[in-house]
Structure formats: C-alpha cells, structure tokens
1. Can you tell me the 0 to 90 degree angle between the C-alpha axis of helix 288-313 and the longest principal axis of the chain, rounded to 10?
2. Rounded if a/c is under 1.5, else prolate if a/b beats b/c, else oblate: with a ≥ b ≥ c from the C-alpha gyration tensor eigenvalues square-rooted, which is region 152-247?
3. Once Rh for region 221-312 is found with the Kirkwood sum over Cα pairs, what is the Stokes-Einstein diffusion coefficient at 37 °C and 0.692 mPa s, in µm²/s?
4. With labels modelled as points extended 7 Å from the Cα through the Cβ direction, what inter-label distance (nm, one decimal) is found for M222 paired with W107?
5. Given +1 on the Cβ of Lys and Arg, -1 on the Cβ of Asp and Glu, and no further charges, what dipole in debye does region 221-312 carry about its Cα centre, rounded to the nearest 20?
6. Can you work out ³J(HN,Hα) from phi for every residue in region 230-242, in order, using Karplus 6.51 cos²θ - 1.76 cosθ + 1.60 and θ = phi - 60°, giving whole Hz and x for Gly and Pro?
7. Among 226-237, 167-178, 52-63, 272-283, how do they line up from the highest to the lowest mean number of other beta-carbon atoms within 10 Å?
8. Just want to confirm a number: the relative contact order over region 153-247, from Cα pairs under 8 angstrom separated by 6+ residues, in percent.
Amino acid sequence: MRVVSGIQPTGNLHLGNYLGAIRNWVRMQDEMDAGNRAQAAAGGSAEKNQCLFFLADLHAISQPHDPAELKAATLEMAAALVACGIDPARSVLFNQAQVPAHAELQWLLNGTARMGWLGRMTQWKDKSGKNREGQSVALFGYPVLQAADVLLYQTTHVPVGEDQKQHLELARDIAQKFNNDFASDEAPVFTLPDPIVPPEAARIMSLRDGARKMSKSDESDMSRINLADDADTIMKKIKKAKTDPEPLPSEAAGLADRPEALNLVTIYAAATGHGVDAVLAEFGGEGFGKFKPALGEVLVETLGPIAARFRELKQDRETLDAILARGAAKAREMGGPTLDAAYRALGLVRG
Ligand code: TYM
C-alpha cells in the first residue's frame, strides 16, 4: 500500500479537516506501521507500505495570497499535523515546494488532461463563479497538480473528505489516458489511486449553515471550530451553532430534513467513534439545551490535547524546518523513478 494525501496550508486546520481527513491519515499511518512490523517479523521488506502527507503550498498560490502569510501557514500546518498524530519518523511529511517533481509532473500531465474535464470540476465552478476570465490559470489547472501529487508516488490509497473525491476521479482518468496513450498494458507508468472517504465524517458542515461545508475560506469564524480554539471558544461556538427548535429524534431517519441537527449529531458521532444511531439512542427526545453542552465537552476533550501540542510545536521553527527538509529529501527519492518513466514514455530527451 502507498498512502498519499495533502492539505492546503491556508488558515487554520479546522474540525472538518480533522474529522474528514487528518484523523484518517493518522489511522492509516498506524495501521501501515503495524503491517510493516508484521511483515518485517515474517522476514519480508519493511519498506513496502508507506504514507506520505504533504502541505499543498503550490496549490495555495492558485488564489490571491500573501507570501509572508503562506510561509507562516506552511510551518503552522506542519506543526498542526504533527500535533494531530502524524509522526515524521513513520510517515513522510513535506511541502510540495521542496519537491519540484510535483510541478514537473503536472506539466507532463497537462498534455493528457482535457479542458472539458477540468471545466466540469465543482471546485472550479464554485471558486471561479461568474468571473471565469479573471481567474488564474493555476486555479483551472489545480486538479492536474493534484493528480501529479498522487500519481508521482504510485499511490494506491488517498484518504480525503467527500469534497475531494471528484478531483481523485479526475486523477484516475488522467492516469488511465496517459497509460493508454503512452504505455503498454504490461508496463503502465501510473497506478490508479483509490480515494478513501470516511463514511461517518465525509462532509462536516458549517455551524452557521447546514447546507455549506465547514471551510477555512468561510468569512465567519463562528462557522467552524479551529484546532487552535480554546475550550471557552469551542463551547461558545457550539452553543451559538444554528439549530431548529425540535428535540432530537430517536432514529437517524428523523434527521433527514434537519441539516443543522444532522451536522451536530454527525460531529458528535465522528468525534466519539459511536455511530449516529448510538448518539440518538442516548439523546433522542432531548433538546439542544442538553445536547450542545455535551457536544462541546466532547470536542474540548478531543481537541484540547492536540491544541496544546500544536501551541508548543509551532514555536519550534528549527524542528519544523528539519522535519520538512527530511521529508522532502525522502519524497524526492521516492518520486524519481515515476517522473523518469513519464519523461521517457513521452519521448522527451534528457541528458
Ligand atoms: P483542503 O486543504 O481543502 O482539505 C484537506 C482535507 O480536509 C478535507 N475536508 C473536509 N472533510 C470533511 N468535511 C469538511 N468540511 C472538510 N473540509 C475539508 C478535504 O476533503 C481534504 O481531504 N485539494 C486539496 C489538497 C490536495 C490533495 C492533493 C488532497 C492537494 N493535492 C492530493 C489529496 C491528494 C484541498 O484543497 O484540501
């Protein structure tokens, strides 16, 4: 197995990122590590299973940004990931800008990706809105860089939230077309990656609007719980979260037309690891006056230790620089053979 995933270092890590993606990264890291140890004990190679997690700083320049803020946010996001449990000794943790093969492979894949495919991407439509002509070329080509991110490493599994699934389907289409056009069936250049979306937290929604996803680009800070929020802020945000006047139902079907209630129950279920049914078995018939404080406490318990580690780590610039440099060196080494194979397949002459 080869697991690869990324996160944009823009703004703070929020609860949607954590429950939708990062927690799954940590889980997969731990499982693969156990698998590697079992394999080594059985006399096999321990290098077969590997996780790579990266900060998508190259993606971050697809929209207007402040260079100094991007630099600080990249280091902060590295600290946040380590605080969440990504262990740089067991996973390869790096930022794209230190691994030029990502940008190189994107260019090579630009010859295969089709304008029509990119034009259909929901994220492109959402972010460009009515002003397509005024957007950067990078925003349009964004999913090709994302395809390069995963195809570079012969990735088999990509843990992401629901919103990234479409980009990964595109990565598969690009890989498939490239293999068809430039490689033989016996020796494909790229592996087709599978997205892994957690069923219980695929889409965490805004606390202010159950129809919008929780997002770092939402103007209202009350719409999301940030990793760095203290206990009082978390409790306040949950208490102020939009809800309806009805008590909670006893069964999941009763949440069908109640997006805000469904979101809060989903968050509780995902944070505790209990299913939605179990949460409703406990809180069915209760009003939000009882449920919200319980949810707030669960989140304080879940995020508190992470926030404490994060605050400590983000001061330690030297350690963070060293982690990213070491990760990038390893990623450059791991991506080399696939990048070479892509150049060769395209008939490009290099030294
Ligand atoms: P980004 O930075 O927006 O989000 C990082 C991860 O968090 C998940 N996520 C959510 N999950 C559930 N509910 C939410 N409200 C929520 N908001 C965010 C995202 O699905 C994602 O898994 N394009 C990517 C970064 C990227 C990438 C890649 C991911 C670049 N290259 C290659 C995977 C593989 C992005 O902007 O994610």
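1. For 288-313 against the chain, the angle is about 40 degrees.
2. Prolate, since a/c reaches 1.5 and a/b exceeds b/c.
3. Approximately 243 µm²/s, per Stokes-Einstein.
4. 4.9
5. Result for region 221-312 is approximately 320 debye, rounded to the nearest 20.
6. Values per residue, Gly and Pro as x: 7, 4, 5, 5, 4, 4, 5, 5, 6, 4, 8, 4, 5 Hz.
7. So the order, starting with the most tightly packed, is 52-63, 167-178, 226-237, 272-283.
8. Answer for region 153-247 is 26 percent.
Each reported figure results from applying straightforward, stated rules to the coordinates on display, with no laboratory input. Values in this document were obtained by computation on a predicted structure and should not be read as measured data. We place every Cβ from the backbone using ideal geometry, glycine too, and count neighbours over all the protein chains shown.
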